[in-house]
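Below you'll find the structure, written out as structure tokens, and then a few comments.
The values are calculated or read from the model by the stated rules, or taken from the named source; none is laboratory data. Remember, predicted model here, so these are calculated numbers, not experimental data. Reconstructed Cβ throughout: ideal geometry from the backbone, glycine too, with neighbour counts over all protein chains shown.
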Amino acid sequence: MKKRILHMLPALVLVVCLLTGSVFAALDRNVFSDYIDLSASTRLYTGTQLVTSGRKLAGAQEHYVRFDGERDVWPVVAYGSEIYGASTISQIAKKLADDGLSIVAGVNASFFDTDTGIPYGFVVSEGILRTASTDMPSIGFYEDGSAVIGSPELEIKLRTPDGGSTAIFYNKRLTTKNGIGLYSRDYDSRTKNTIPAYNILLEPVGRDKGLSLSGAIELRVTGIKANTPSCTIPDGSYVLAIAEDSIYASALSNMKALSEGDRVTVETSCDHAWELVRYACSGSELLVEDGVPCEEFTLDSEKKSAARTAAGIAKDGSLILYTVDGGKNSAGMNLAELADRMAELGCETALNLDGGGSTSMGAIYPGYTSGATVNQPEDGALRPCANFIFLVRETKKAGDADALCIYPYGVQGVLPGAQVSMSVKAIDEAYMAAELPGSVFFDADGGKITSKGVLTVDEDASGFVTVSAVCGDLSAKVKLPVLDTITELAIKKADGNAALTELTVAGGSTVDLTAVASYYGRTVAAEDTSFRWSVSGGIGSIDDSGVFKAADTEQKLLGKVTVSYGDVTAEAEIAVMPANPFADMKTHWSKEYVNELYFEGVLTGARGADGKLYYRPNDSMTRQEFVVALMRYLDVDVTLYEKAEIPFVDAASIAKWAQNSVKAAYVLGYMSGSSSGGKLYAKPTSTISRQEAMVILARSQKLKAENGRALDKFTDAAKVAGWAKLELAAMVERGIINGSKGKLNPTGNVTRAEVAKMLCVMRESKRS
């Protein structure tokens, strides 16, 4: 019988932290018309509270942070290294940590162009304007941490030597319809425009302090690059750009009238209330005004339920950061419901932020040094977003332990007989992670708990199981609700994170499946033996603990695995394939790699004239075939990039089945194309070289060595192109590529077998 202990890792979802004092604190019953006793309130820091709500929301769960303005904590708006591109909440949190800041909590913020990661509206960081276009409802934060929500009424104007004045946008993607754009190094090292543009290079006259929300900078023309899509932005300088085919003919004419040495002035102005804002970003539309929920919303004409993110300012001045979602079932609220909820939470004003798959909330729980995902992302993983609102504080050296925290991590209810691994953390007076003052001693009422903290809930338990911990002169207690029912079930692989609706396995293989139970969106701890498992379709068998044994077969079999608890069920369609699906792979050295990726849907073959499936392991792979395989391997939803523009002059030659994958690879920065005669080519049907494939793989994993010394051991290291050295060196350092007989053969064509091995080895290197 399999025993599944719920181990408590910081990356798990739905964390409950309960300090000494009130545990599983009940929220005001008057707030909720439909209260259930599963809510938890976690004090992340003095004046900062995280609430996991006990509200019934049809498969969704809400979380919100209430920040009362503690001076040791302050809000910031943060993004990646530049405006162009997107980053996950964990990536930005790491960046802030590298700057000496400790994260308290954070949520995703602005809506953005999914092709480029450029946020809509404006962004202010450290009092400097980083990007701006059409005025949109926004949220701003002052030096003292207080906030403002409304319209900044921002204007940016370009004044030319002839006295003319023209409205411009700042650090946005250029089109033929959006006029004149100004670009700085905050955007990227290049303008990255995909259409021919008239570009004017500008350097500041005097000291450049950047664009403020209200002020002016004088710039001098230093050069002109006509009919150029992507133009380099010199360090410390700016680029003024307008489409060569701009609908604003007079503006283009005025631009072309400028000459080297001419001076222009960029002026900014905003509503007086925003002049001293230090951090800011835009949302979409207001949810609450003067304490009253808004009723009409442009973005929600159909009143669809979806994952949502919002920010609000309460009547007492506290800041509320709010999310509601339910994973892949797209559960959540419509905007009218969200507005009502923000008003119910006491907001005087509230702003809708980007939702759907972008909805992200993270926090660092007391006693931990790294962050955890609080919500259930719609994509099953954190989506890269344009920017985030974080509550931060200075990182300080921890003092002596002052309190204990008991973590039933990732669980807010248990079923009878469940096993849960309890952990204890210590914090100092400033909520920094501290050393435990000694050994931890556990006790449990309603279950048995080992000295290591493994709790086994009694089979006849009901109500609550109480777990106590003592360490030195400190103690803490937590109560876990014991449930007799659930509302949702999902099937996952025991070693995976994503819920399964379909699965392809090899005949005769064994797959360990696990059931994940929830109660109105809240995770429930259970054993796989707590559920009923069954199989249909003659595809194999399954035991009481969810271990599925596929039938041996020479042909494809289709069936289902079903799991149930009471009246709640979940099922996954299972396709059982011959153990060795490819006729030409029976003895090939890459068989295990190829088969593994085939059953995952990453690699495919083709039917021969004999009707058998062939992989052709020794054949070269084309550039488009490689990119398609990589996108499948990375589980990228390439349909999101369908409307993306790519600069390749041979884009029409990309096969229809590969177009979205190529677009995704380009937008994500994995594939840059090949330059020839000043033009950029995708060369989709050309075979891809080993170094080209390795560079794309390295970029997809953000691998880049500090130097190329790892290549010195190969006799043909000199053949590695300059643009590929650091990426290939990183791949060698990670053990993903080893070469053959002392050579890398960088310019040789990569075979289909080699691609399979690279992908599998890369995965194993990440796990280690």
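Residue by residue through segment 182-199, note down the ones that are of a type outside the set (Asp, Glu), touching a residue at least 60 places away in the same chain (Cβ under 8 Å) and within 17 Å of ALA386 (Cβ to Cβ).
TYR187, LYS192
Suppose the filter is over 20 Å from ALA729 (Cβ atoms), of a type in the set (Val, Ile, Thr) and either in contact with an Asp or Glu (Cβ under 8 Å, 6 or more places away or on another chain) or at pLDDT 95 or above (or both); does ILE654 pass it?
yes
For residues that are within 29 Å of the chain's Cα centre (by Cα) and touching a residue at least 60 places away in the same chain (Cβ under 8 Å), scanning just segment 664-683, find the one that is surrounded by the fewest Cβ atoms within 10 Å (Cβ to Cβ).
Applying the filter and picking the extreme gives GLY669.
Would you mind finding the one in ILE83, ILE103 that is among the hydrophobic types (A, V, I, L, M, F, W, C) and in a loop (DSSP other than H, G, I, E, B)?
Selected residue: ILE83, the only one of ILE83, ILE103 that is among the hydrophobic types (A, V, I, L, M, F, W, C) and in a loop (DSSP other than H, G, I, E, B).
If only one of ASN618, ASN660 is part of a loop (DSSP other than H, G, I, E, B) and polar (S, T, N, Q), which one is it?
ASN618
How many residues are farther than 13 Å from LYS743 by Cα, touching an Asp or Glu at 6+ places or on another chain (Cβ under 7 Å) and of a type in the set (A, V, I, L, M) when one looks only at segment 704-732?
1
Looking only at residues in segment 65-76 that are within 20 Å of ALA343 (Cβ to Cβ) and at pLDDT 95 or above, which one is surrounded by the most Cβ atoms within 10 Å (Cβ to Cβ)?
This residue is VAL65.
Hey, which of the strands (runs of 3 or more DSSP E) in segment 403-448, taking only ones fully inside, have at least 1 residues that are within 11 Å of ALA525 (Cβ to Cβ)?
Working: elements: 403-407, 419-421, 423-427, 440-445.
Output list reads 419-421.
Please find, within segment 640-657, the residue that is surrounded by the most Cβ atoms within 10 Å (Cβ to Cβ) out of those that are part of a helix (DSSP H, G or I) and more than 30 Å from the chain's Cα centre (by Cα).
In this case the residue turns out to be SER653.
Being of a type in the set (Ser, Thr, Tyr) and crowded, with 24+ Cβ neighbours inside 10 Å is the filter; apply it to segment 408-438 and report the residue that is nearest to ILE364 (Cα to Cα).
TYR431
So TYR248 ticks every box in (1) under 18 Å from THR349 (Cβ atoms); (2) among the aromatic types (Phe, Trp, Tyr); (3) surrounded by fewer than 21 Cβ atoms within 10 Å (Cβ to Cβ) but one. Which box is left unticked?
(1)
Just to be sure, is ALA167 surrounded by fewer than 16 Cβ atoms within 10 Å (Cβ to Cβ) and either in a strand (DSSP E or B) or not acidic (Asp, Glu) (or both)?
yes
For ASP567, work out the one condition from (1) surrounded by fewer than 16 Cβ atoms within 10 Å (Cβ to Cβ); (2) touching a strand residue (DSSP E or B) at 6+ places or on another chain (Cβ under 9 Å); (3) of a type in the set (D, E, K, R) it doesn't fulfil.
Evaluating ASP567 over (1) surrounded by fewer than 16 Cβ atoms within 10 Å (Cβ to Cβ); (2) touching a strand residue (DSSP E or B) at 6+ places or on another chain (Cβ under 9 Å); (3) of a type in the set (D, E, K, R) leaves (2) as the failure.
With respect to the numbered conditions (1) outside any strand (DSSP E or B); (2) within 13 Å of ILE313 (Cβ to Cβ); (3) not basic (Lys, Arg), which one is the sole condition not fulfilled by PRO152?
(2)
From the residues in segment 467-499 that are under 14 Å from ALA572 (Cα atoms) and not in a loop (DSSP other than H, G, I, E, B), which one is modelled with the lowest pLDDT?
ALA499
Is there a residue in segment 513-535 that is touching a Pro at 6+ places or on another chain (Cβ under 9 Å), surrounded by 15 or more Cβ atoms within 10 Å (Cβ to Cβ) and farther than 26 Å from LEU480 by Cβ?
no
Quick one: is ASP144 over 23 Å from the mean Cα position of the chain (by Cα) and assigned to a loop (DSSP other than H, G, I, E, B)? Spell out the reasoning first.
On the way: over 23 Å from the mean Cα position of the chain (by Cα): yes; assigned to a loop (DSSP other than H, G, I, E, B): yes.
Against the criterion (over 23 Å from the mean Cα position of the chain (by Cα) and assigned to a loop (DSSP other than H, G, I, E, B)), ASP144 qualifies.
Please verify whether SER284 is small (Gly, Ala, Ser), touching a residue at least 24 places away in the same chain (Cβ under 8 Å), part of a loop (DSSP other than H, G, I, E, B) and not assigned by TED's automatic domain parsing to the domain that holds HIS63, treating the condition exactly as stated. First the steps, then the outcome.
Details: small (Gly, Ala, Ser): yes; touching a residue at least 24 places away in the same chain (Cβ under 8 Å): yes; part of a loop (DSSP other than H, G, I, E, B): yes; not assigned by TED's automatic domain parsing to the domain that holds HIS63: no.
For SER284, the condition - small (Gly, Ala, Ser), touching a residue at least 24 places away in the same chain (Cβ under 8 Å), part of a loop (DSSP other than H, G, I, E, B) and not assigned by TED's automatic domain parsing to the domain that holds HIS63 - is not met.
Look through ALA693, ALA730, ALA705, ALA698 and report the one residue that is among the hydrophobic types (A, V, I, L, M, F, W, C), within 26 Å of the chain's Cα centre (by Cα), buried (at least 20 other Cβ atoms within 10 Å of the Cβ) and over 27 Å from ILE654 (Cβ atoms).
The conditions single out ALA730.
So if I check each of THR514, THR553, THR562, which one is at pLDDT 90 or above, within 18 Å of GLU573 (Cβ to Cβ) and in contact with a helix residue (DSSP H, G or I) (Cβ under 8 Å, 6 or more places away or on another chain)?
On the way: THR553 fails: in contact with a helix residue (DSSP H, G or I) (Cβ under 8 Å, 6 or more places away or on another chain); THR562 fails: in contact with a helix residue (DSSP H, G or I) (Cβ under 8 Å, 6 or more places away or on another chain).
Checking each option against the conditions leaves just THR514.
Considering only segment 385-401, state which residues are surrounded by fewer than 24 Cβ atoms within 10 Å (Cβ to Cβ) and assigned to a strand (DSSP E or B).
Within segment 385-401, VAL392, ARG393, GLU394 qualify.
Looking at (1) crowded, with 24+ Cβ neighbours inside 10 Å; (2) out of contact with any Leu (no Cβ under 7 Å at 6 or more places or on another chain), which is the one condition that is false for LEU404?
(2)
Any chance segment 196-203 includes a residue that's among the charged types (D, E, K, R) and modelled with pLDDT under 95? Let's see the steps before the verdict.
Let us first name the residues in segment 196-203 that are among the charged types (D, E, K, R), namely 203.
Applying the additional criterion that residues be modelled with pLDDT under 95 yields none.
No, that holds for no residue.
When segment 331-361 is examined, which residues are found to be surrounded by fewer than 24 Cβ atoms within 10 Å (Cβ to Cβ), small (Gly, Ala, Ser) and touching a strand residue (DSSP E or B) at 6+ places or on another chain (Cβ under 6 Å)?
Passing the criteria: ALA331, ALA343, GLY346, GLY356.
Limited to segment 733-768, what total is found for residues that are surrounded by fewer than 13 Cβ atoms within 10 Å (Cβ to Cβ) and of a type in the set (D, E, K, R)?
Pass one, segment 733-768, residues surrounded by fewer than 13 Cβ atoms within 10 Å (Cβ to Cβ): 735, 738, 740-742, 764, 766-768.
From what's left, of a type in the set (D, E, K, R): 741, 764, 766-767.
Going through segment 733-768 one residue at a time, the tally reaches 4.
What are the residues in segment 605-615 that are surrounded by 14 or more Cβ atoms within 10 Å (Cβ to Cβ) and part of a loop (DSSP other than H, G, I, E, B), if any?
GLY605, TYR615
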